[in-house]
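Below is one structure, written out as structure tokens, with a few remarks after it.
The values are calculated or read from the model by the stated rules, or taken from the named source; none is laboratory data. Since we're looking at a predicted model, the values are computed, not measured. Glycine also receives a Cβ, built like all others from the backbone with ideal geometry; neighbour counts cover every protein chain displayed.
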Amino acid sequence: MVTLGRISGLFGVRGWVKIFSHTRPRESIVDFGTWYLKGRGGWEAITVLDGRRHGNGVVARLEGIEDRDQAAELLKRDVAVRREQLPPAEEGEYYWLDLIGLQVETLEGVELGRVTGLLETGANDVLVVKGDRERLLPFVQGQFIKTVDLSAKRMVVDWDPDF
């Protein structure tokens, strides 16, 4: 499962919910016909009937959820899809989840650690690499990121290991 967001609030009295979406654009989370909501017993499938951008967030209507009380039972549940529901990444583009866990080394072969997360900034995304210490590396392909080999779980970067 790939977590794409979370049910963060209620919208109206007819069972609509607010979604905090990690997708870009935010409203593309409603394009997936089936979501999986994390519950006590694991992941439960639910059909998305309607949805749209609303202000800075997203609202959605889900099958079987007809009123505010039913919607309230879904609050704070993670929204995920199966990996195979995601469209293939374009050439030279990567899903963040594919980058997490990659071994990072410099052009000279110095190991810096593994990608443990990414940060979104206004200018570019930033890799969080943990090894002997934590490093923040700008994810700028060509300039700093030289190669990404998902099958080998390896990334080569042009980076000073002392920085």
Filtered residue count, the range 93-143, keeping only those that are assigned to a strand (DSSP E or B) and of a type in the set (S, T, N, Q)
4
Residue count for the range 88-98, restricted to those that are touching a residue at least 40 places away in the same chain (Cβ under 8 Å) and among the hydrophobic types (A, V, I, L, M, F, W, C):
1
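Does residue 126 satisfy the criteria of being surrounded by 13 or more Cβ atoms within 10 Å (Cβ to Cβ) and in contact with a Gly (Cβ under 7 Å, 6 or more places away or on another chain)?
For residue 126, the condition - surrounded by 13 or more Cβ atoms within 10 Å (Cβ to Cβ) and in contact with a Gly (Cβ under 7 Å, 6 or more places away or on another chain) - is not met.
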Looking at (1) at pLDDT below 95; (2) closer than 22 Å to residue 147 by Cα; (3) not aliphatic (A, V, I, L, M), find the lone condition where residue 83 falls short.
(2)
Please verify whether residue 92 is at positive phi, out of contact with any Pro (no Cβ under 7 Å at 6 or more places or on another chain) and buried (at least 16 other Cβ atoms within 10 Å of the Cβ), treating the condition exactly as stated.
no
Restricting the range 35-87 to residues that are basic (Lys, Arg), without any contact (Cβ under 8 Å) to a residue 60 or more places away in the chain and under 17 Å from residue 10 (Cα atoms), the one surrounded by the fewest Cβ atoms within 10 Å (Cβ to Cβ) turns out to be 52
Scan the range 29-64 for residues that are modelled with pLDDT under 95 and of a type in the set (S, T, N, Q) and jot them down.
56
